[in-house]
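Working notes, structure below.
The values are calculated or read from the model by the stated rules, or taken from the named source; none is laboratory data. Every value quoted in this text rests on a predicted model; they were computed, and no experiment measured them. Note that each Cβ is placed from the backbone with ideal geometry, even for glycine, and that neighbours are counted across all protein chains shown. Ligands, DNA and RNA are excluded from the accessible area calculation, which covers all protein heavy atoms including side chains. Shrake-Rupley method; radii C 1.70, N 1.55, O 1.52, S 1.80 Å.
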Amino acid sequence: MKTLMVLNSAITDCTACTRLVTYRRAIAETKRRQFMEWTYWGRPVPGFGDPCARLYVLGLAPAAHGANRTGRVFTGDRSGDWLYEALYRHGFANQATSTHRDDGLALTDCYIGATVRCAPPGNKPAPDEFEHCSRFLRDELQLLRKVRAVVTLGKIAFDHYLKACRVEGREIPSPAPKFGHGVMYRLPWGVTLLGSYHPSQQNTFTGKLTRPMFHSVFRKAQLAIERP
């Protein structure tokens, strides 16, 4: 879809946030010992997936040595291992692993984005960085016209999805949906919003998020998509 291609080109070329530009470039130059042979992407990371997707997955931001290295969202880190395994199990991906941009991975009926497109220091974007990137999220949602279910990975993604919809003139239910793992809301514009704990190592290593818990969210999303 040409319009998504144009959007992704604009994302990749963005230099709006000085702190993020400096950080992602520094990481790409210094690298991590185990990735010294890599040429790091070191730029904003565009969305990835099927332009006709009915499932939209929204994460927080690229990992410094994950997507900031590989150039593809949720690729090259432990969080991506969890995400793509779940997508594969539920028929949204043709393989369960995602290691680099030319590894043959393809998504069907699913598109993945992020609230912030550059790797942030400490994995914590600043408020103005969220604001600068919000236009990319809104544009992405406008272009993905067939989305029927949205899985948000973490409270930040959950809240920013609703904020983007509010800015676009959508009527948010009152009381507003609240984040929690496994929560599911049918929104007035026909989209089912689902919350999941982020598959970060902090959550998966401690057992806060288990594979059965994570996969159950995508099963719910699958059922929501298939519902007449």
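For D103, indicate whether it is acidic (D, E) and under 14 Å from the mean Cα position of the chain (by Cα). For D103, the condition - acidic (D, E) and under 14 Å from the mean Cα position of the chain (by Cα) - is not met.
Kindly indicate which of G76, G80 is in a helix (DSSP H, G or I) and either hydroxyl-bearing (S, T, Y) or free of Cβ contacts under 8 Å to residues at least 60 places away in the same chain (or both).
Numbers: G76 fails: in a helix (DSSP H, G or I).
Every option except G80 fails the conditions.
The set of residues in segment 90-138 that are among the acidic types (D, E) and more than 19 Å from R43 (Cα to Cα) comprises D103, D109. Within segment 176-192, residues that are among the charged types (D, E, K, R) sit with their Cβ atoms under 6 Å from residues that are open to solvent by less than 30 Å² (accessible area, probe 1.4 Å), at 6+ positions apart or across chains, in these pairs: R186/T192.
Within the bounds of segment 209-221, is there any residue that is free of Cβ contacts under 8 Å to residues at least 40 places away in the same chain and of a type in the set (S, T, N, Q)? Yes, because at least one residue in segment 209-221 is free of Cβ contacts under 8 Å to residues at least 40 places away in the same chain and of a type in the set (S, T, N, Q). When we screen A149, A164 for residues that are under 20 Å from the mean Cα position of the chain (by Cα) and touching a residue at least 60 places away in the same chain (Cβ under 8 Å), the only hit is A149.
Does segment 87-113 hold any residues that are aromatic (F, W, Y) and open to solvent by 20 Å² or more (accessible area, probe 1.4 Å), and which are they?
Of segment 87-113, the ones aromatic (F, W, Y) are 88, 92, 111.
Residue satisfying the conditions is Y88 alone.
Answer yes if at least one residue in segment 54-64 is in contact with a Phe, Trp or Tyr (Cβ under 6 Å, 6 or more places away or on another chain) and either of a type outside the set (F, W, Y) or under 22 Å from F158 (Cα atoms) (or both), and no otherwise. Yes, that holds for at least one residue.
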